[in-house]
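As structure tokens, the structure follows; a few thoughts come after it.
Every number here is computed from the coordinates shown, using simple stated rules; none is lab data. Small disclaimer: the values here were computed from a predicted structure and weren't measured. In this analysis, Cβ positions are derived from the backbone assuming ideal geometry, glycine residues included, and neighbour counts consider all displayed protein chains.
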Number of protein chains: 2
Amino acid sequence: MTTLLSPAALEAALRDIGHRRYHNLHPFHAALHGGRLSRDQVRAWALNRYFYQAMIPVKDATILARMQDPALRRIWRQRIVDHDGTGDGDGGLERWLKLTDSLDFPRDYVVSTRGLLPVTRYAVQAYVEFVRERSLLEAIASSLTEMFAPTIISERLAGMLANYDFISPQALGYFDKRLSQAPRDADFALDYVKQHATSVALQQSVLAALAFKCDVLWAQLDGLHHAYVTPGLPPPGAWIPGMELAS
Amino acid sequence: MTTLLSPAALEAALRDIGHRRYHNLHPFHAALHGGRLSRDQVRAWALNRYFYQAMIPVKDATILARMQDPALRRIWRQRIVDHDGTGDGDGGLERWLKLTDSLDFPRDYVVSTRGLLPVTRYAVQAYVEFVRERSLLEAIASSLTEMFAPTIISERLAGMLANYDFISPQALGYFDKRLSQAPRDADFALDYVKQHATSVALQQSVLAALAFKCDVLWAQLDGLHHAYVTPGLPPPGAWIPGMELAS
């Protein structure tokens, strides 16, 4: 890409990255939604993704700390409110823990992240590091995977409820909320990126930021697939189905 | 200090730092409250302190990004809400701009920070850097100057209103709000510090953090005093009374 894209063409290029690299294309997700995972494989997914969820407010506060404009901060801080909630038992992170509760993980064990796959930790930490170190524009652009979230969430809700008798609608409350929150967040971030990526170099940087973020999500599923599906080799220290979870 | 202090003794040691090092002891503050500053000297203070105010939400978001506990983040994020407000024209930063408005500074000029004393910038940046780099406990402890804020704010409100006919109660709205916000914030931070500074080394670190923060405030007044009072030598580039403020 060596010429400046129109805002509409930039949006199309961003969407194209999603069509080629978003983690709905990963075999683990197809298996998750298609009912081909065992309960323990679903548990491994929920356990590992907890860490991603837990670091989202940290990631968003890191971005907030880089914003000099109070009006921009007011909009961005809503993401932190959504995830942390307004009191005990509220917020996206709490809703994720209701899912791990329903899958019989002790909360202490989940929150300790003791059983996490190292690759989950590395990928999520790379995301937080990215939004700390790169430009604010790249940090905002890296959130644009939310443009593709509603489709995957709808598939996930329908697929998991239809296919797993151990998953209840209550356990998937996190995704219900995200169906309305993600498009609002994505719309704002997409407008910001289209407005501020005003040179070829800046447009390249936002496209690369979205590709980077797709990698972060993809790598987590690679880790789950390798450890718990094929060949099914959890690394030393990671959670193993059936292990004693003394908290 | 080589023995562990009780929580009450630690609080007393923290208060002692305030009694010896808080910026209410600075001659610039005595002159500000006592009505001995010219309007231009008050303007220099308001212009420079804007940058401190503007970076407070950045500082608090930096601390927020270091907190792993949603309950702790929920409490801390209120500081950001207080400063940024809930919409245009609201919040502590906006109230500070009403003060600089009333002192006839164009907003663009204030927000640009073009006329800032370099020492103001260095001191405030050192504060943000401190909360990014040191332990979370030290970051929280560095906010404890708010324990001493209500006294100085009461003096300031009464002194400035009595002594300066160019200062209205509306222009000091920022401080009205802080009279209730600062004690709430300080109470929480003090409890946190008393609860978490459980070793001699940790207690020394929180005492040093508060002394550091007192230095940050003091250095800003040193800069103002040198530039605008005695000897009255604003460095090149800094705001000078009477200069043209094309925005």
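Points to keep in mind about this one:
- Relative contact order of the stretch B:7-228, taken over Cα pairs closer than 8 Å and 6 or more residues apart, is 35 percent.
- Label-to-label distance, A:Leu25 versus A:Ser135, with points set 7 angstrom from Cα along the beta-carbon direction: 2.6 nm.
- Label point of A:Thr3 (7 Å along Cα→beta-carbon): distances to the other copies' equivalent points are 8.0 nm, sorted ascending.
- Between copies, A:Pro235 shows label-point distances of 4.7 nm, shortest first, with the point placed 7 angstrom from Cα along Cα to C-beta.
- Nearest-first distances (nm) between copies at B:Leu25, label 7 Å from Cα via Cβ: 6.5
- Rg of the Cα atoms in chain A, relative to 2.2 N^0.38 Å, amounts to 1.02.
- Shielding value for A:76-83 is 3, the average number of Cβ atoms from other chains within 10 Å of each residue's Cβ.
- Net +/- balance of residues flanking B:Leu172 in space, Cβ distance below 11 Å, scoring K and R +1, D and E -1: +4
- Between B:Gln78 and B:Gln204, the modelled label-to-label distance comes to 3.5 nm, taking each label 7 Å out from Cα in the direction of the beta carbon.
- With the helix formula -39500 (n - 2.57) applied to DSSP H stretches of n ≥ 4, the protein assembly as shown reaches a computed 222 nm mean residue ellipticity of -23000 deg cm²/dmol.
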